[in-house]
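One structure below.
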2 protein chains.
Amino acid sequence: MKTDLLVVGAGLAGCTVAERVAAELGWDVLLVDRRSHLGGNAADEFNEAGILVQPFGPHIFHTRLAEVWAYLNRFTRFNGYIHRVLARVNGTEVYLPLNLDTAETLFHRPFTAESWRDFLDRRRTPIAEVRNSRDVALSQIGEELYRWIFEGYTRKQWGLDPADLGPEVLARIPLRFDRDTRYFSDPFQGLPSGGYSAMVRAMIASPRIHLLLQTDFAAVRSQVERRVTVYTGPIDGYFDYALGELPYRSLRFEWQTLDREYAQGAGVVNYPQQEAFTRITEFKHLTGQRHPRTTLCREYPCAEGEPYYPIPNPENHRRYEEYARLTEGERDTFFVGRLAQYRYLNMDLAVAEGLKVAGTIIDRFRG
Amino acid sequence: MKTDLLVVGAGLAGCTVAERVAAELGWDVLLVDRRSHLGGNAADEFNEAGILVQPFGPHIFHTRLAEVWAYLNRFTRFNGYIHRVLARVNGTEVYLPLNLDTAETLFHRPFTAESWRDFLDRRRTPIAEVRNSRDVALSQIGEELYRWIFEGYTRKQWGLDPADLGPEVLARIPLRFDRDTRYFSDPFQGLPSGGYSAMVRAMIASPRIHLLLQTDFAAVRSQVERRVTVYTGPIDGYFDYALGELPYRSLRFEWQTLDREYAQGAGVVNYPQQEAFTRITEFKHLTGQRHPRTTLCREYPCAEGEPYYPIPNPENHRRYEEYARLTEGERDTFFVGRLAQYRYLNMDLAVAEGLKVAGTIIDRFRG
């Protein structure tokens, strides 16, 4: 079999490259995916009750990148959804990130920007050398807020105590000094009006793009003659795990459809304390769908399963860098996306990286 | 590229063969389709309002074949829907096929089975040699019912006056002598509970089955090494139209979503008289979906577009037979399905034909 461009992986990065190269170079593209659907973990579908859900967890598009926003708006409109996240803390619900309202509810007293800043300054635990994620949190927000909001959540999310996680995991705790309850402050936010799956179908609708699904890269690797390869799968898999495996944190989902119109006050409610799950998503908030019933999804982070989150620690970073060095020997092959770059890319960055790689290919091969 | 079985066309016939051969022989199967979806014209999807619709027109599964029913029930449950069709005749709505209720409403008088039979006997126009579809209708139900219910519908459906259509088009007009309002009397009826697309996905979920979509047969014909080919595409296309083209009647659909729970009294309402469309489908009746809005689909038969209905006339039959003779020279290639057999197969027959071909392949190659 012959094609001009072989794209491995039909997630956002892969679909972006496929679309651009087919449109700009007029190339034939073969887009291969191990799974039977397009859009990777951003895919959505209607469940048996007719409610649009995201089977791989909530995906809210948000970006500051005008170029990415303009690009995707060629394939879909967006629904204007503004993401808000509640957290159930000490038996009550407050908005995240921590803002003045949150602080007033949790500490039972009024705050101004100034008094909230002073308050945090007094609670912070000075730590000379920040060596782990617990240190990060303690030095930024102090013991109480750390225990209430971050300790349990992080432990569930990563399966490790924050004290055993590198500082890069919590990195920077977002704090607000106003009453803005939005989760993201990016100027462009929303979900594709018809869903992510429809958006992705529109992206790769060109008759020059052929889809090969339910098919491993291994099955086509030596079988498909091509000029260029774009690989968006796991980087360690590409090299047959020659330098060892790069680990991921995965998710297990528990689904529930209720005979009521809504079940919670926001699209996502976090459970940072005793519950076994980390959060509950109610998709109708995200999609704006009107429906007499509603579907909820509880998330249980776990070690085994589909790869979701690269695990950030020095050993994994080093191993990734070694793999990255191997890629330099791969002629006419580009590595892009969360799995190939072993980096948790938000959707906008996956598209941005895809556009970058597509630009390189287009520049090189343009007649 | 290499596979054991190449299946061209991911409609019901193709998916049935793919499933059976992968399961029984453990073969690798490559399932190719020109379009980007599975299930051919039986495919369904949720529209932007979240209502499950069938973009290629209403598909109601009904069969007397217990084997086919048992086979499909391995992949889905069925929702128990019993199809009822209303027709808007002389400004009122009556059930089809013609039954005692219909007759009483249209003729403003009571009927028994016997008096209805007598009535029809008196109205029938004796025709010595039935030469066209108009003759068929006149000789079975007489002038009035023919004009009210069949003349306009047939003219819209086929773009020709019934007098210019072979007798095979109307063939036999179904008549009821009781008050049964069901459109089909098959013992097994319904729609897949999760829809046809979900049923088909379940059928071809095996990791041995690979999907190649948005790809013409021409693109893989000489590129994919295989032991057996199952071709479900248009038979004339397979032979490059060497003996001329086999014509099809097509459909254009007009969609409307209304802000009310239901809009009509049955899943399908036929319009056999002055309207330009033949029927309106309201999918919520078929699927049983609960939703505050409802989607309607008007059908306009037309000459150009996706192939739907083989046009039954002696010339086309003869041409098909000539193509069928050519297939005998094609080694290890099987032709099955509506387009390859140039025969309007109901869904149950498409599956039955698929099972038959799969059985032949399995018998021949079973170690």
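Could you work out what % of the accessible surface of the range B:85-170 is carbon and sulfur, using a 1.4 angstrom probe and leaving DNA, RNA and ligands out of the count? C and S fraction of accessible area: 48 percent. Highest mobility in the GNM of chain B, judged by mean-square fluctuation with C-alpha springs under 10 Å and restricted to B:A128, B:A276, B:A103, is found for B:A128.
Among the GluC sites (Glu not before Pro) in the range A:89-148, those located in a DSSP loop and surrounded by at most 15 other Cβ atoms within 10 Å of their own Cβ are A:E129. The base-10 log of I(q)/I(0) for chain B, evaluated at q = 0.12 Å⁻¹, reads -0.99 [Debye formula, identical scatterers on Cα atoms, solvent excluded].
Note on the protein assembly as shown: helix-only mean residue ellipticity at 222 nm, from DSSP H runs of 4+ residues weighted -39500 (n - 2.57) and normalised by residue number, equals -9000 deg cm²/dmol. If you wrap the tightest convex hull around every Cα atom of the range A:85-170 and split its volume per residue, you get 92 Å³.
Hull volume per residue, based on the alpha-carbon atoms of the protein assembly as shown and their convex hull, is 192 Å³. Checking the Cα-Cα distances for A:K284/B:K284; A:K156/A:K284; B:K2/B:K356; A:K2/A:K356; A:K156/B:K284 against a 31 Å cut-off, the pairs over it are A:K156/B:K284. Among A:P272, A:P207, A:P55, the residue with the largest mean-square fluctuation in a Gaussian network model of chain A, with springs joining Cα atoms closer than 10 Å, is A:P207. To the nearest ten degrees, helix B:133-145 and the longest principal axis of the Cα atoms of chain B are 40 degrees apart. Summary for B:R221: label point 7 Å along Cα→Cβ; distances to the equivalent points in the other copies, ascending, 3.3 nm.
With a Förster radius of 56 Å applied to the C-beta separation of B:E322 and A:A205, the computed FRET efficiency comes to 0.95. For the range B:112-168, trypsin sites (Lys or Arg not before Pro) meeting the loop criterion (DSSP other than H, G, I, E, B) and having at most 12 other Cβ atoms within 10 Å: B:R131. Label-point distances for B:L243 to the equivalent site in the other copies, using a point 7 angstrom along Cα→C-beta, read 6.2 nm when ranked shortest first. Remark on B:L212: its backbone amide H falls under 5 Å from those of A:L213, B:L31, B:V32, B:D33, a criterion applied only to residues 5 or more positions apart or on other chains, H modelled at 1.01 Å from N. Distances from B:F365 to itself in the other copies, using label points 7 Å out along the Cα-Cβ axis, amount to 3.3 nm in increasing order. Electrostatic tally near A:R34: other residues with Cβ closer than 11 Å to its Cβ, Lys and Arg +1, Asp and Glu -1, net -2.
What the Cβ-Cβ distance of B:W255 and B:R109 gives, at R0 = 56 Å and to the nearest 0.05, is a FRET efficiency of 0.90. With a cut-off of 12 Å between beta carbons, the residues surrounding A:E299 carry a summed charge of +3, where Lys and Arg count +1 and Asp and Glu -1. With a Förster radius of 22 Å applied to the beta-carbon distance between B:Y309 and B:D164, the computed FRET efficiency rounds to 0.85. Sparsely packed loop sites in the range A:242-272 (the trypsin sites (Lys or Arg not before Pro) outside DSSP H, G, I, E and B with at most 12 other Cβ atoms within 10 Å) comprise A:R260.
Let me confirm one metric for peptide B:211-223, namely the mean number of other chain beta-carbon atoms within 10 Å of its residues' beta-carbons. Please report the intermediate quantities before stating the final value.
Numbers: counts 7, 9, 8, 11, 6, 2, 0, 0, 6, 2, 0, 0, 5.
Mean inter-chain Cβ contacts per residue within 10 Å come to 4.
The values are calculated or read from the model by the stated rules, or taken from the named source; none is laboratory data. Note that this is a predicted model, so its numbers are computed, not measured. Virtual Cβ from ideal backbone geometry, glycine too; neighbours counted across all protein chains shown. When the accessible area is computed, the model is the full protein with side chains, heavy atoms only, and any ligands, DNA or RNA have been set aside. Shrake-Rupley method; radii C 1.70, N 1.55, O 1.52, S 1.80 Å.
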